[in-house]
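Remarks on the structure that follows.
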């Protein structure tokens, strides 16, 4: 009986390693032509299903349903993860919250409440381990947050409307075509806008780039300025206005949310369970730190105590002074854990890097 816990941890670890291996093959960091062939085969089916589903909606066989009282704003993408939807949702929500009652709709992937329907705010009582990471971040970073969690987003929207919310922001709503939305915002990652140009599982596309024609605004994230050649590619699919954004490093915080200062050139270790770990590593490196050890886990995973302890011991042997993680991972950690190395996280913000006037126009359009 006592072996159940360790066996379960081992199973999860092996599963994570398998998926991370597959990801490295997709990203061309490893070569495995046989695996690529299998992934390409299944990619054909995914593309077909996505195309037929969109065709049925385009031909009005399926009709989206909306609500009367609440404006529905979708913030989504055409690829699987790693575009920056969460930071943009926080950025937009805080702009709108000054004069509006805002609801944020999120699925709650891999959480206890994914298959239920739940609303939480700052006054709600809950166990931290039961909440999805995005919901925890929204609670920490959005003014007067009201978060609706559940796979069935139309039920969350109905609840928000019944409670007289002015605006509902759907985190990852572009593929939720059964909902009639007032505005579609699509986020693209400037570093890999079209998901390796292949559908899942061979690449990261959830639907074809031509679907961008449904977008009202395009946001190109991880862009220090306009990228004209990418803009030309986007304009093949849509005439929608294009806004450019980039993440900014706000500050380092410990697990109690106290600001921490660390000297540049310090030796640090990094672990993360996000869709685009490479981008986070680059950010830490650009801030002037020497990264001596890394651990990459599957998106939304929760690091076990045993794995964290092992990672810390290996980091100590490499003279790391601190463990740095993402905010998304930090919210899943118990601040009272007794560790041999301090764990801190980088709070990431967002800034408009080009076409600020278009962003102001987006906000005004929502506020009308």
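In this structure, does residue 350 turn out to be in a loop (DSSP other than H, G, I, E, B), in contact with a helix residue (DSSP H, G or I) (Cβ under 8 Å, 6 or more places away or on another chain) and modelled with pLDDT of 95 or more?
Values: in a loop (DSSP other than H, G, I, E, B): no; in contact with a helix residue (DSSP H, G or I) (Cβ under 8 Å, 6 or more places away or on another chain): yes; modelled with pLDDT of 95 or more: yes.
Answer is no for this residue.
Looking only at the range 332-347, how many residues end up being touching a strand residue (DSSP E or B) at 6+ places or on another chain (Cβ under 9 Å), crowded, with 18+ Cβ neighbours inside 10 Å and more than 21 Å from residue 267 (Cα to Cα)? I'd like the intermediate steps shown before the answer.
Applying the first criterion (touching a strand residue (DSSP E or B) at 6+ places or on another chain (Cβ under 9 Å)) to the range 332-347 yields 333, 335, 337, 339, 341-347.
Among the residues that remain, those that are also crowded, with 18+ Cβ neighbours inside 10 Å are: 333, 343-347.
Add one more test, that the residue is more than 21 Å from residue 267 (Cα to Cα), and what stays is 333.
The qualifying residues number 1.
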The lone exception for residue 274 - which of (1) in contact (Cβ under 8 Å) with a residue 12 or more places away in the chain; (2) part of a helix (DSSP H, G or I) it fails: (2)
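Restricting to strands (runs of 3 or more DSSP E) lying wholly in the range 65-169: which have 1 or more residues that are at negative phi and out of contact with any helix residue (DSSP H, G or I) (no Cβ under 7 Å at 6 or more places or on another chain)? Break it down stepwise before answering.
Details: elements: 71-76, 102-106, 118-121, 146-149.
In the range 65-169, 71-76, 118-121, 146-149 are the strands (runs of 3 or more DSSP E) which contain 1 or more residues that are at negative phi and out of contact with any helix residue (DSSP H, G or I) (no Cβ under 7 Å at 6 or more places or on another chain).
Test residue 320 against the criterion of being touching a residue at least 24 places away in the same chain (Cβ under 8 Å), assigned to a loop (DSSP other than H, G, I, E, B) and closer than 30 Å to residue 177 by Cα, and give yes or no. Spell out the reasoning first.
On the way: touching a residue at least 24 places away in the same chain (Cβ under 8 Å): yes; assigned to a loop (DSSP other than H, G, I, E, B): yes; closer than 30 Å to residue 177 by Cα: no.
Criteria not met by residue 320.
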All positions within the range 193-204 that are more than 15 Å from the chain's Cα centre (by Cα) and touching a residue at least 24 places away in the same chain (Cβ under 8 Å): 194, 196, 198, 199, 200, 201, 202, 203
Residue identified as free of Cβ contacts under 8 Å to residues at least 12 places away in the same chain and either within 21 Å of residue 134 (Cα to Cα) or out of contact with any strand residue (DSSP E or B) (no Cβ under 6 Å at 6 or more places or on another chain) (or both) among 329, 232, 254, 299: 232
Every residue from the range 261-270 that is surrounded by 11 or more Cβ atoms within 10 Å (Cβ to Cβ) and farther than 17 Å from residue 329 by Cα: 262, 266, 267
The listed residue being part of a loop (DSSP other than H, G, I, E, B) and either under 29 Å from residue 149 (Cα atoms) or touching a residue at least 40 places away in the same chain (Cβ under 8 Å) (or both), out of 181, 239: 181
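I need the full set of residues from the range 119-131 which are loosely packed, with under 14 Cβ neighbours inside 10 Å and in contact with a strand residue (DSSP E or B) (Cβ under 6 Å, 6 or more places away or on another chain), in order please. Explain how you work it out, then say what you get.
The initial filter retains those residues of the range 119-131 that are loosely packed, with under 14 Cβ neighbours inside 10 Å, namely 121-125, 127-130.
Across the range 119-131, the qualifying residue is only 121.
Which residues, taken from the range 230-285, are under 19 Å from the mean Cα position of the chain (by Cα) and within 22 Å of residue 310 (Cβ to Cβ)?
Going through the range 230-285, the residues under 19 Å from the mean Cα position of the chain (by Cα) turn out to be 243-250, 270-284.
The answer is 270, 271, 272, 273, 274, 277, 280, 281, 284.
Per-residue answers, yes or no, for (1) surrounded by fewer than 22 Cβ atoms within 10 Å (Cβ to Cβ); (2) under 30 Å from residue 213 (Cβ atoms):
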site: 79; (1), (2): no, yes
site: 133; (1), (2): no, no
site: 141; (1), (2): yes, no
site: 149; (1), (2): no, no
site: 156; (1), (2): no, yes
site: 160; (1), (2): no, yes
site: 169; (1), (2): no, yes
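The values are calculated or read from the model by the stated rules, or taken from the named source; none is laboratory data. Treat the numbers as computed from the prediction; the structure is a model and nothing was measured. Using ideal geometry, Cβ is built from the backbone for each residue, glycine included, and neighbour counts are taken over all protein chains shown.
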